[in-house]
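Reviewing the structure listed below.
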Amino acid sequence: MISALIDGAIKRRKVLLAVTLVLSLFGLYSYVTLPREAQPDITVPFISVVVPYPGVSPEDSERLLVRPLERELQSIQGLKEMNARAYGGTAVIVLEFEVNFDKNKVLEDVRAKVDLARGRFPPDALPPIIEEANISDEPSIGIALFGAAPERALYATARALKEHLETLPGVLRAEVSGGRDEVLEVNVDPLRMEAYGVSTTELSGVIGRNNQLVPAGDLITRQGTFAVKLPGVVESPDDILRLPIKTAGDKVVTVGDIGGVHRTFKEPTYISRFNGQPAFTVEVVKRPGSNVLDTVAAVKGVVAADQKRWPATIHADYTFDESEFIDHTLTILESGLITATLLVMLIIIMTLGVRQGLMVGAAIPVCFMLAFLMLQRLGITLNQMVMFGLVLAVGILVDGGIVVVEYADRKMAEGMDKAGAFAAAGKRMFWPVVNGTLTTLSAFVPFMFWNSIAGKFMSFLPLTLFFVLGASIFVALIVTPALGSLAGRKQGVDLEHLAEIEKSEHGDPRSMKGFMGWYARSVDRAGRHPWIVTGAAMVTVGVIVGLFAVQPHKVLFFLDQDPDTATVYVKARGNLSVQAQDALVAKVEGRLAGIPGVKSVYTRSGTRTGSGGFGNSSPPNDAIGRIQMEFVDFKAEKALRLTGRDIVEIVRKRLGETPGVLTELRLPQGGPPVGKDVQVELRGQDPEALGKAADLVRAKLAADPQIIELEDTRTSPGIEWNFSVDRIAAGRYGVDVETVGQAIQFVTDGVLAGKFRPVDAQDELDIRVRFPPEARNIAAFDRLKITTPQGPVPMSYFVKMT
């Protein structure tokens, strides 16, 4: 069968070579159209469940949200680990599964279990958000909008740009960061409420009941069926002011009698700046499978077109353009691949001759093109690991072709014709070539069964080798004989070349010409002094091992590249407002001002400065802000004479010991996300014992000078106001816990009384009823009165505050 296959290839060599050329052209097209990415797009076995519950404390979040979820989720099949965190206003549970999990089935199971747990949630809890982790689900580029324009104009421009960008085919979504949602706020005077005898329950209820679209059913008559509805939604803020609350004699008390209404923004949860100026950022996430280079180019085109219609006070700049890094990285790898190919071709031509060297070297582009064709067929992107595999395969894929051409050259030197010589070479060397290639590939087979995130990440390297070296077998044993039967050297007996072959096989190889003769003579001289050669080899090995042992070396999982970005997390503890947090972050930001080589600085202050992510993407537990620095293009700025590592050292020195805060510097992490170098996890049923154990571990690690930026995930201390209601005393005045809670909400975030959709807004606005700013403070709790059937009663009569 093998003989018939090779004979048929040589007999129909023109057809075979034409088909190979066509496949190579398709492979070239695949290479041009393959999506470019920095890292392989692998499925990460993490799923997070986020339950927002505005106003809830961390302790209540753990009791009311986390525990019901844990009780249901722990029974999911294939669950490896479950970690939960309870924050103020939010509960987050991160589920980790086995690497080879069925994502679709797991998502269905998680949704089913979360639906069961929702039945035990408080009614005010918002719907849970289920998200799957994805390495490629990171922004490909950020557009920072800044300038002297008002906040409302900046935010409206950012929203309009977001909607325009989401129409691009390569964009999955665009998210606006830094904006505050609007709210329709009804500010009521507590003294007027007391004078008119209006309770908080009456006020919030009247707005809710008079802001509804009531479908009254269908009116069925002989003439037809008519839908009946009672439109009663609020269409303007004045409609709220005219709502009647109660009657006092002949007077009807309206909302306007006790307060006013205005549109405003919600309290900020974070503050963002770009190069020191207030900014909004539109972060763009590309669609899976799309080319990041094309997508980013399209995004920049849209921004350039929209910017012509913006006011002169609004400016735009780009942050963390992933396409620049990917383009730079792939360009380096492509240059290395071309250099390696040229070196291999040079060596082959020097040793085999021009004609034979070109025949062998032709296997390199053909194998690569066939591999690209298979990569595209499987939906694999062009990333670092694929390029590494191609570079590694350059010197290996020509081995089979060299063996076939050398054997055919020997037969032609004996006088055999080209077709017969290459047919004999293909048949004779078939199994040696196949066995040699398979034994090489067998060394990479274990990588395919590395059952971890790192294994999934590294699997693209052996997969690329399988494609390239598999194609090399086809090229060496089928294509090369067909090509050699057409382009082999001239037929006829070459006595000089045959004489050299005879010397190597049956004569004295020391009398051969060129490199082989020199090599044979060197081996002969070394063989006469075996002990000296062996001793010299052992001494050389010992010196190398000794030099390696005495010099310190880093142990790295992946490449340690020169960073082009850096992130500084600012950490602090306590009941800090967003403004207080921003003041601390601004101090650190000021220390980093004026560093040479820093292209842009994006600052974001606020407790939740990033998602709960995994690996290196998860922010520290006590982070109150982050400062993201992007470095200049060091190739373009040659006069700078700095590298990314030099800038990082400058940043470390400037951070130093910042009074009042702790700082942590993080650099981009190559390869799969693995988090910090040292991670210790403590588990147990006794929180007090866990805390003591954590103190011991932390002290031990802090004593090691090699460990820096130490942190733990224990709950930060803070201050809370707890109210306890004397139900018996409250019952005497006809007051329940819900009434007390609503009264307290008037001092805090306000009571949600409904929704309002203005003409100039796309989203609905919350209608919140609360006291004016001057009445919203700690002292207001002592003055707070609750309207009861017996009249206004101070809340302190039946509520204690601790």
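The values are calculated or read from the model by the stated rules, or taken from the named source; none is laboratory data. From a predicted model like this one, the values you see are computed outputs, not experimental measurements. Here Cβ is always computed from backbone atoms with ideal geometry, including for glycine, and neighbour counts include all displayed protein chains. The protein model used for the area step is the full one, side chains on, heavy atoms only, and it has no ligands, DNA or RNA in it. Shrake-Rupley method; radii C 1.70, N 1.55, O 1.52, S 1.80 Å.
At a glance:
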quantity: For Thr788, residues with placed amide H under 5 Å, excluding near neighbours; calculated: Val793
quantity: Net charge contributed by nearby residues that have their C-beta within less than 13 Å of Ala86 (K/R +1, D/E -1); calculated: 0
quantity: Cα-Cα pairs of segment 680-786 separated by more than 18 Å (percent); calculated: 70 percent
quantity: Neighbourhood net charge (9 Å Cβ-Cβ; Lys/Arg +1, Asp/Glu -1) for Val261; calculated: -1
quantity: Cα centroid separation - segment 734-749 against segment 365-391, whole Å; calculated: 65 Å
quantity: Helix runs (DSSP H) in the chain reaching 27 Å along axis by Cα, Kyte-Doolittle at least -1.0; calculated: 13-33, 322-352, 530-550
quantity: Positive-pole candidate from Phe466, Asn134, Phe447, dipole of the chain, charges at beta carbon; calculated: Phe466
quantity: Highest-first arrangement of 397-409, 355-367, where packing means the average Cβ count within 10 Å; calculated: 397-409, 355-367
quantity: Accessible carbon and sulfur surface of segment 121-167 relative to its total accessible area, %, 1.4 Å; calculated: 56 percent
quantity: Cα gyration tensor of the chain - equivalent ellipsoid semi-axes, whole Å, descending; calculated: 71, 31, 25
quantity: Ordering of 369-375, 480-486 by burial proxy (mean other Cβ atoms within 10 Å per residue, highest first); calculated: 480-486, 369-375
quantity: Relative packing of peptides 60-68, 165-173, 545-553 - highest average C-beta neighbours within 10 Å first; calculated: 60-68, 165-173, 545-553
quantity: Amide H contacts of Val56 (H built 1.01 Å from N, under 5 Å, at least 5 apart or other chain); calculated: Gly89
quantity: Considering only the chain, percent of DSSP beta bridges that pair antiparallel, nearest 5; calculated: 95 percent
quantity: Expected 222 nm ellipticity per residue - DSSP helices of 4 or more, -39500 (n - 2.57), all of the chain, to 500; calculated: -14000 deg cm²/dmol
